[in-house]
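Just below is one structure, and these are the notes that go with it.
The values are calculated or read from the model by the stated rules, or taken from the named source; none is laboratory data. Keep in mind the model is a prediction, meaning the values are calculated, not measured. In this analysis, Cβ positions are derived from the backbone assuming ideal geometry, glycine residues included, and neighbour counts consider all displayed protein chains. Protein only, heavy atoms only, side chains kept; ligands, DNA and RNA dropped before computing areas. Shrake-Rupley method; radii C 1.70, N 1.55, O 1.52, S 1.80 Å.
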Amino acid sequence: MQQVEPSPRKNQEPPGISRQVLVLVAFVAASFLVAGLGSLATFNNVSGWYAAADKAPWSPPNWVFGPVWTFLYTGMAVAAWLVWRKQEPGTPRALGLYGLQLALNLAWTPVFFGLYPAIGGAALWLALAIIIALIAAVAVTVLAFGPVSRTAGVLLLPYVSWLVFAATLNWWAALHN
């Protein structure tokens, strides 16, 4: 009778507290680096072309976006950290998907805000394509996170919801500007 060895990842000791804190800080820093880089494209344009743009009637005031994104970026970082902590066989794939959605997230803001003055409405349509790809990537990330850490998957659900809402704002802007 052949004896089956347990998965080495399942029996690994969890990472030490100091390493866990360091990795959590790294995930938070990565999220806020993406936020900071994206905000570079918004500074001049929110009070520039976007201030005069035709916005969807359901657009929230500009001051809402900062707190919402702060909450979402924090939740994203904690979710990724929870998955990293598990050290399950699905962890590398899940974190790779997380990286992909973070890259798409980083791409959207400069395209939507930064390219509009240069190429007009085409930038808004390109941004819409990016945000649709981002929604798909986050949905797949949720599905990859869930089996590793249900809490991590659930933490990404407000992000998916906000992205769908943001896509409606982007769609309106593309149609009307």
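If the condition is being more than 21 Å from VAL21 (Cβ to Cβ) and open to solvent by less than 30 Å² (accessible area, probe 1.4 Å), then region 65-89 contributes only LEU72.
Candidates ALA144, ALA133, ALA152, ALA137: the one that is of a type in the set (A, V, I, L, M), touching a Leu at 6+ places or on another chain (Cβ under 8 Å) and over 20 Å from PHE27 (Cα atoms) is ALA133.
Counting only residues that are modelled with pLDDT of 95 or more and within 20 Å of the chain's Cα centre (by Cα), which one in region 111-122 is farthest from TRP172 (Cα to Cα)? Looking at residues that are modelled with pLDDT of 95 or more and within 20 Å of the chain's Cα centre (by Cα), I get VAL111. Pairing each residue of region 157-176 that is over 20 Å from TYR116 (Cα atoms) with any residue that is of a type in the set (Phe, Trp, Tyr) and open to solvent by 30 Å² or more (accessible area, probe 1.4 Å), provided the two are 6+ apart or on different chains, yields C-beta distances under 8 Å for PRO158/PHE71.
So that you can scan it fast, the table gives a plain yes or no per residue for (1) at pLDDT below 95; (2) under 18 Å from ASN177 (Cα atoms):
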residue: GLU5; (1), (2): yes, no
residue: ARG9; (1), (2): yes, no
residue: GLN12; (1), (2): yes, no
residue: GLY16; (1), (2): yes, no
residue: PHE27; (1), (2): no, no
residue: LEU40; (1), (2): yes, no
residue: GLY48; (1), (2): yes, yes
residue: PRO57; (1), (2): no, yes
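Within region 142-172, if we keep just the residues that are among the small types (Gly, Ala, Ser) and over 20 Å from TRP69 (Cα atoms), the residue that is surrounded by the most Cβ atoms within 10 Å (Cβ to Cβ) turns out to be SER149.
Please enumerate the residues belonging to region 90-99 that are open to solvent by 50 Å² or more (accessible area, probe 1.4 Å) and either without any contact (Cβ under 8 Å) to a residue 12 or more places away in the chain or among the polar types (S, T, N, Q) (or both). Quick ask: steps written out before the conclusion?
We begin by selecting, within region 90-99, every residue open to solvent by 50 Å² or more (accessible area, probe 1.4 Å); these are 92-93.
If the condition is that a residue be open to solvent by 50 Å² or more (accessible area, probe 1.4 Å) and either without any contact (Cβ under 8 Å) to a residue 12 or more places away in the chain or among the polar types (S, T, N, Q) (or both), then PRO92 is the only one that fits.
Counted as qualifying within region 114-177 are the helices (runs of 4 or more DSSP H) with 2 or more residues that are closer than 29 Å to SER47 by Cβ, namely 116-119, 121-148, 157-176.
Would it be correct to say that ALA56 is closer than 28 Å to ALA118 by Cβ, in contact with a Pro (Cβ under 6 Å, 6 or more places away or on another chain) and touching a residue at least 24 places away in the same chain (Cβ under 8 Å)? First the steps, then the outcome.
Working: closer than 28 Å to ALA118 by Cβ: yes; in contact with a Pro (Cβ under 6 Å, 6 or more places away or on another chain): no; touching a residue at least 24 places away in the same chain (Cβ under 8 Å): yes.
So ALA56 fails the test.
Taking residues in region 127-146 that are under 16 Å from GLY99 (Cβ atoms), and partners anywhere that are surrounded by 16 or more Cβ atoms within 10 Å (Cβ to Cβ) and at pLDDT below 95, the pairs with Cβ atoms closer than 9 Å and at least 6 places apart or on different chains are ALA144/GLY90; PHE145/GLY90.
Annotation for region 122-141: no member residue is open to solvent by 30 Å² or more (accessible area, probe 1.4 Å), polar (S, T, N, Q) and over 30 Å from ALA52 (Cβ atoms).
Is it the case, given these coordinates, that LEU102 is closer than 29 Å to ILE17 by Cβ and either surrounded by 17 or more Cβ atoms within 10 Å (Cβ to Cβ) or more than 18 Å from the chain's Cα centre (by Cα) (or both)? Yes.
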